[in-house]
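Here the structure is laid out as structure tokens; the discussion comes afterwards.
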Amino acid sequence: MFIQTEATPNPATLKFLPGRIVMGAGTLDMREPAEAERSPLAQRLFGVSGVSGVFLGSDFITVTKSDGEWPHLKPAILGAIMEHFMSGAPVLSEGSAADVIEEGEFFAEEDAQTVETIKDLLETRIRPAVAGDGGDITFRGYRDGTVYLVMKGACSGCPSSTATLKHGIQNLLHHFLPEVRGVEAV
């Protein structure tokens, strides 16, 4: 098994590409070991000293470190990923589900058409680009011209996430929907 790695804009996060499907649908973002009970793969990764976050995407895994250097952590992480896939264990524990839809979306009923367009732009133009950097972004709400988004994986805590939100996503949404005046991370 050959696992590729890619740097992400977040220096504390590295993207691992195992060359196979990781999550058939949805994503799973775990920021602490207690959340890893949903995934045997994440449990293995949190077992590596220095790992502070695991994000499972469609065909990639991003790992965030709390301390240590990548040249020292990377071999242990590669080993954990390889062991997991070679064992045939499932990525998700039985009865667990991916985070497909965010709970608690909020928007006024009269903004439903605007929200539908925002979600379509997120799905077709923004999420693929963000996934390329080892993260994910999902809609949380829309109120008074401001779009509220949740950043996950490599995007969560990334030094360039503010620039991504303000200069990339906000400009794109405003181009297609002039009523969008701002974008905020939740």
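Observations on the model:
- Residue in the range 109-118 that is part of a loop (DSSP other than H, G, I, E, B), surrounded by 13 or more Cβ atoms within 10 Å (Cβ to Cβ), touching a strand residue (DSSP E or B) at 6+ places or on another chain (Cβ under 7 Å) and not hydroxyl-bearing (S, T, Y) present: no
Conditions (1) touching a Phe, Trp or Tyr at 6+ places or on another chain (Cβ under 9 Å); (2) modelled with pLDDT under 90, marked per residue:
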| position | (1), (2) |
| --- | --- |
| L92 | no, yes |
| G95 | no, yes |
| D99 | no, yes |
| G104 | no, yes |
| Q113 | no, no |
| T117 | yes, no |
| P128 | no, yes |
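- Every pair of residues 6+ apart whose Cβ atoms lie under 8 Å, when the first sits in the range 61-76 and is at positive phi while the second is surrounded by fewer than 17 Cβ atoms within 10 Å (Cβ to Cβ): G68/S49; G68/G50
- M1 falls short on exactly one of the conditions (1) assigned to a strand (DSSP E or B); (2) surrounded by fewer than 21 Cβ atoms within 10 Å (Cβ to Cβ); (3) not acidic (D, E), and that condition is (1).
- Answer residue from the range 150-176, given it is buried (at least 18 other Cβ atoms within 10 Å of the Cβ) and assigned to a loop (DSSP other than H, G, I, E, B) and is modelled with the lowest pLDDT among those: C158
- Residue check, A25 in contact (Cβ under 8 Å) with a residue 12 or more places away in the chain, more than 17 Å from G132 (Cβ to Cβ) and of a type outside the set (D, E): yes
- Total residues in the range 102-143 satisfying the condition of being acidic (D, E), in contact (Cβ under 8 Å) with a residue 24 or more places away in the chain and over 19 Å from T8 (Cα atoms): the figure is 3.
- Flag if G68 is at pLDDT below 90, closer than 30 Å to Q170 by Cβ and of a type in the set (G, A, S): no
The values are calculated or read from the model by the stated rules, or taken from the named source; none is laboratory data. All of these numbers come straight from a predicted model, not from anything done at the bench. For neighbour counting, all protein chains shown are included, and Cβ atoms are generated from backbone atoms with ideal geometry for every residue, glycine included.
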